[in-house]
Amino acid sequence: MKALPYILTPIVLIAAAFLAATIGVVNIPHEAIGAILKAKLTGGDVAENWQIYEMTLWNLRIPRILMSLLAGSALAICGAAFQSIFRNPICDPYILGISSGASLGAAIAIITGLSAFTFGLPAAAMISALGTLFLIIGIAFIGRQKSVKTLLLAGIAINFLISAIITLLMVVHQESFEQIIYWTMGSFASSSWTSTIILFFMLTACSIFLFFNTKNLNILQLGRDTAQSSGVNVQRTTLSVLIVSSILIAATVACCGVIGFVGLIIPHIVRLIFGNNNRTVFFFSLCFGAIFCLFADTLARSIVARSELPVGSITALIGAPYFIFLLLAKKRK
């Protein structure tokens, strides 16, 4: 029975992805999806009666669905890692200001016209996000006192600074205002096979590293002194996990913009259901985060006819009330 959730969750994930592929401005029959996938994977020809759906499914919908799954998984596992490091169940993966750094790069790309190039905007967002990360680490680890609290405070300060710079840029360049705002609210509309493959390899590599560190993270949750006495190199584990998680967050934000609440509420729900063992938390955070983002994106592209909503607005509409509920429930206890 203990193995049942590990079997059922991936099955639900695959079924949800298949169902999402049928829904959209153009509803695609199940039979067409099966026939097109089979033809693409085996190198055969798509039957003539299903060819009208081929481009929509293979070039637009499948990359978008895969990107939503990857982004949801990435944000959720990073949220779980951050919550373990900071020993705070309501810690968000954007807390160090990585999303603000990426948003600054995206804003500059949009204003300067770099976004017109294929990878202009994602590249600018990624470089800016990583630059922000290393700036925060540099500020936090200058001098003798090196602590996670200092890192957190440096992240918050830089976050506010960058947000102010972005606001000034939008005021000065009002012609780009709408585009910048829409990007910062998150969307999978521009997903491609190339960006999906890049994020897949990033997620795989970073997830393997995080799973490799689950034992140390479990001990860290007992306290830094306990971890130190148990032989855990606290500073190295903390810094390496934060850097790897932040790089994955930067890549995710660069691909699809800022999507909030996924990394906050999904690991929290997983911990409530399955406990605090990070090996279990990471696995189910990957799956639940993917399902949550897929659900939000399916709503975003189908709830309004001939238009779509930013995914970040959907996740916020679902996540914010749940977060308030958690705070009220905690207050009652």
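The values are calculated or read from the model by the stated rules, or taken from the named source; none is laboratory data. Worth saying up front: this structure is predicted, and the values here are computed from it rather than measured. For neighbour counting, all protein chains shown are included, and Cβ atoms are generated from backbone atoms with ideal geometry for every residue, glycine included.
Among residues of region 65-79 that are under 18 Å from R279 (Cβ atoms) and touching a residue at least 24 places away in the same chain (Cβ under 8 Å), those with a Cβ under 7 angstrom from a residue that is surrounded by fewer than 24 Cβ atoms within 10 Å (Cβ to Cβ) and of a type in the set (D, E), sequence gap 6+ or separate chain, pair up as G79/D92. Scanning region 298-327 for residues that are farther than 15 Å from G260 by Cβ, without any contact (Cβ under 8 Å) to a residue 40 or more places away in the chain and not aliphatic (A, V, I, L, M) yields S307, F325.
Quick check on A329: is it under 21 Å from I181 (Cβ atoms) and exposed (fewer than 15 other Cβ atoms within 10 Å of the Cβ)? No; evaluated as a whole, the condition is false for this residue. For the subset of region 110-138 comprising residues that are of a type outside the set (A, V, I, L, M, F, W, C) and either assigned to a helix (DSSP H, G or I) or touching a Lys or Arg at 6+ places or on another chain (Cβ under 6 Å) (or both), which member is modelled with the lowest pLDDT? So, considering only residues that are of a type outside the set (A, V, I, L, M, F, W, C) and either assigned to a helix (DSSP H, G or I) or touching a Lys or Arg at 6+ places or on another chain (Cβ under 6 Å) (or both), the one modelled with the lowest pLDDT is S115. The set of residues from region 64-109 being among the β-branched types (V, I, T) and in a helix (DSSP H, G or I) comprises I65, I77, I85, I98, I108. Might you let me know whether region 284-297 holds any residue that is closer than 20 Å to I181 by Cα, out of contact with any strand residue (DSSP E or B) (no Cβ under 6 Å at 6 or more places or on another chain), among the charged types (D, E, K, R) and modelled with pLDDT under 90? So far as region 284-297 goes, no, none of its residues is closer than 20 Å to I181 by Cα, out of contact with any strand residue (DSSP E or B) (no Cβ under 6 Å at 6 or more places or on another chain), among the charged types (D, E, K, R) and modelled with pLDDT under 90.
Scanning region 211-225 for residues that are surrounded by 17 or more Cβ atoms within 10 Å (Cβ to Cβ) and touching a Ser or Thr at 6+ places or on another chain (Cβ under 7 Å) gives N213, N216, L217, I219, L220. Determine if region 51-63 includes at least one residue that is charged (D, E, K, R), part of a loop (DSSP other than H, G, I, E, B), more than 21 Å from the chain's Cα centre (by Cα) and modelled with pLDDT under 90. No, there is no match, as no residue in region 51-63 is charged (D, E, K, R), part of a loop (DSSP other than H, G, I, E, B), more than 21 Å from the chain's Cα centre (by Cα) and modelled with pLDDT under 90.
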